[in-house]
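Laboratory data are not the source of any read-out in this text; all were calculated from the coordinates shown. Worth saying up front: this structure is predicted, and the values here are computed from it rather than measured. No Cβ is skipped: glycine too gets one built from the backbone with ideal geometry, and neighbour counts run over all protein chains shown.
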Amino acid sequence: MNTRLHPTIDHVTRRIIERSAGPRAAYLATVAQQRTSGPQRAGMGCANMAHTTAALPANDKLKIHAERTPHVGIVTAYNDMLSAHQPYETYPEFIRDHARTLGATAQVAGGVPAMCDGITQGAAGMELSLFSRDVIALSTAVALSHNVFDAALFLGICDKIVPGLFMGATQYGHLSAAFVPAGPMTTGLSNDAKAKVRQQYAQGLVGRDALLESEAQAYHSPGTCTFYGTANSNQMLMEIMGLHLPGSSFVNPGTPLRDALTREAVRRAVMNTGRTGGEAICLADIVSEKSIVNAIIGLVATGGSTNHTIHLVAMARSAGVLIDWDDFAELSAVVPLLARVYPNGSADVNHFHAAGGMGYLMQELLGAGLLHGDVTTVMGQGLATYTQEPWLDGNTLAWRPLPQQSGDTSVLRPVSEPFSPDGGLRLLRGNLGRSVVKVSAVKPEHRVVRAQAVVVSDQQDLLSLFNAGQLEKDVIAVVRYQGPRANGMPELHKLTPPLAVLQDKGFKVALVTDGRMSGASGKVPAAIHISPEALADGPIARVMDGDWITLDCERGVLELEVDAATLAARTAKHPDLRHNAHGTGRELFGLFRSHASTAESGASPLFGDRP
């Protein structure tokens, strides 16, 4: 498309390119060296090759030994505890069979762990969640370290899994690669109805049986949870970056179209090796400064998960691209909100997909000069193909133009009639540090809160105060010592229902924390990811009960109303956090906690900078 790029997007992209010049050049040099040397199969010792192919069928062995056809490695996050990943159980054989029809071969290179934040919310296991991303990155690198593959397919969906797979995959950026989704479960109990029961349970109006029945009706079958949290934000990111096939992110599991898209992903990975007559396209060709900017644009245009103000930073750094929260905020200021998907609306991702989905979204953004179209994707050059939708012409997969109008403007709108003129992701600055807030689901009348602080160092303490009726007032809840160094930065999703109850009663309510909220954070303003965190002697460690705080989402201000001299004179008294280091495997993650970077640099012990 010839539409002129928006000047702010051009400016931010140029700034990122300049900022990243050194690390990006070093990354690309490593990729070039690996690309030149290629897989080691040709020079392998006979014993090494025998180990590689020992368990394979005879015909596959012959092909690999002859070194004439592409060999595809599969890195899978399959387990059947996560509904989103359960469909992957049958993918390896499906992929192997289809690779053979293409004259290629495929093996499962390795598996990576996949944990569910929905299961571990509020429990000790959640303190392993963020760093599971870095474990997945390490596991991906181990899986591909045998260096016998020409291409790789990455099977993953949920919160930390896709970022971790991505971070590991970039270390093998010389390979042809594609990410392969499995799709969302069909629509169950509406998100509004589910949220209502959660709030009723928080108030003691219904019991556990009613709550469990409600949740089971919402999360009811194989496939990704249908709300627009981090898992589905992951899928959006992979598609808008060109690492998924066009229109493939939100096709339900177990359907003929889903199977056809998976077969095509295998074909593309094989073709992009350049060994079967196609153009050679490697992962590092696709992942660039422009594709990272496109990812941020997609995030803010859809009201995606705030977790990606951490994950996307770490993902970009793994490919030598340096981004920060200023980039998110400046892009959010000029990119309109085009989607309303729960928790930013009542619809789920199935409704979003039916209304036009990713194809319509990118069509609108490209047409308005709000997206880089001149990028490389698994389909080749440019994003034009991504403005089409996949369909089955008989048994043949094809792409066709989308309608020029949204199928449902209550879910998905054109740039000319957005839900909001900006993306709703704001950077907050002040004497408490830097943090982010997502306001796309926060009503305008709730976006400015001035109230006295109630300070706790554990989310359970705040829940206890709520249950005791001690929060029936205007309040800013300060929940600290929840950063990556303190306890692995668990999500504080359990705080959403009680704070929403207080807001519904007419109180001015907000949350201030150095921790994370769920990808489903919603209608209560929440200043999250405060950097520096309390354990790193950030100012949040010196807030006291009763201090006045102003949280102003409109002006981008988070201010503790204490003069600088008084604040400096206060001594932070860190609580005893030794319990965070024991039980549920937390002993194993001490190295990760002690070497974690700030949230703004990705909260990673692998690719972040120490504060």
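Per-residue Karplus couplings for the stretch 81-87, computed as 6.51 cos²θ - 1.76 cosθ + 1.60 with θ equal to phi - 60°, are listed in order as 7, 8, 4, 5, 9, 4, x Hz, Gly and Pro entered as x. Along the stretch 555-567 the Karplus relation, 6.51 cos²θ - 1.76 cosθ + 1.60 evaluated at θ = phi - 60°, assigns HN-Hα couplings of 9, x, 10, 10, 10, 7, 7, 10, 5, 4, 5, 5, 5 Hz to successive residues, with x for each Gly and Pro.
For the chain, the Cβ-based charge dipole about the Cα centre amounts to some 700 debye (Lys, Arg positive; Asp, Glu negative; other atoms uncharged). In a Debye calculation with equal point scatterers on the alpha-carbon sites of the stretch 425-576 and no solvent, what is log10 I(q)/I(0) at q = 0.16 Å⁻¹? For the requested q values the scattering log ratios are -0.79. The Cβ shell under 12 Å around Lys194 holds other residues with a net charge of -2, Lys and Arg each +1, Asp and Glu each -1. Just the number, please: percent antiparallel of the DSSP beta bridges in the chain, rounded to the nearest 5. Just about 45 percent of them are antiparallel. Between Ala54 and Asp192, the contour length at 0.36 nm per residue exceeds the Cα-Cα span by 44.4 nm.
Which whole-angstrom value gives the distance between the alpha carbon centres of the stretch 359-422 and the stretch 511-586? Each part's Cα centre sits 40 Å from the other's. Take every Cα pair under 8 Å whose residues are at least 6 apart in sequence, average their separation, divide by the length of the chain, and the relative contact order is 14 percent. Length gained on full extension, Glu67 to Ala398, computed as 0.36 nm times the residue gap minus the Cα-Cα distance: 116.0 nm.
For a paramagnetic label modelled on Lys505 (point 7 Å from Cα along Cα→Cβ), amide N atoms under 19 Å away belong, within the stretch 430-449, to 446, 449. Residues whose amide H lies under 5 Å from that of Gln381, counting only those 5 or more places away or on a different chain, are absent; hydrogens are built 1.01 Å from N in the peptide plane. Taking the charge dipole of the chain about its Cα centre, with +1 at Lys and Arg Cβ atoms and -1 at Asp and Glu Cβ atoms, the residue from Ser457, Thr13, Leu495 reaching farthest to the positive side is Thr13. The mean sequence separation of alpha-carbon pairs under 8 Å and at least six residues apart, normalised by the residue count of the stretch 425-576, gives a relative contact order of 32 percent. Taking the charge dipole of the chain about its Cα centre, with +1 at Lys and Arg Cβ atoms and -1 at Asp and Glu Cβ atoms, the residue from Gln388, His351, Phe592 reaching farthest to the positive side is Phe592. Across the stretch 288-301, rounded Karplus estimates of 3J(HN,Hα) from the backbone phi angles (6.51 cos²θ - 1.76 cosθ + 1.60, θ = phi - 60°) give 9, 4, 5, 5, 5, 4, 4, 5, 4, 4, x, 4, 6, 5 Hz, Gly and Pro being marked x.
If both residues of a DSSP beta bridge must be in the stretch 425-576, then about 55% of such bridges are antiparallel. When only alpha carbons are used to place a centre, the stretch 423-448 and the stretch 183-212 end up 27 Å from one another. Between the amide H of Ala152 and those of Gly73, Ser176, Ala177, Ala178, distances stay under 5 Å, these residues lying 5 or more places away or on another chain, with hydrogens modeled in the peptide plane.
Note on Ile540, Ile95, Ile528: ascending count of other Cβ atoms within 10 Å places them as Ile95, Ile528, Ile540, the fewest first.
A cut-off under 12 angstrom between Cβ atoms defines the neighbours of Phe94, and their net charge, with Lys, Arg +1 and Asp, Glu -1, is 0.
Summing charges over neighbours of Val415, with a neighbour being any other residue whose Cβ is under 13 Å away from its Cβ, gives -2 when K and R count +1 and D and E count -1. Projected label points at Ala333 and Asp80, each 7 Å from Cα along the beta carbon direction, are separated by 5.2 nanometres. Listing Val543, Val108, Val75 from fewest to most neighbouring C-beta atoms within 10 Å gives Val108, Val543, Val75. Close Lys pairs in the stretch 425-576, defined as Cα atoms under 13 Å apart and 8 or more places apart or on different chains, number 6. Panel values: the stretch 106-191, Kirkwood radius from alpha carbon pairs, Stokes-Einstein at 10 °C and 1.306 mPa s, translational diffusion coefficient 113 µm²/s.
Sorted fewest first by neighbouring Cβ atoms within 10 angstrom, Arg447, Arg4 come out as Arg4, Arg447.
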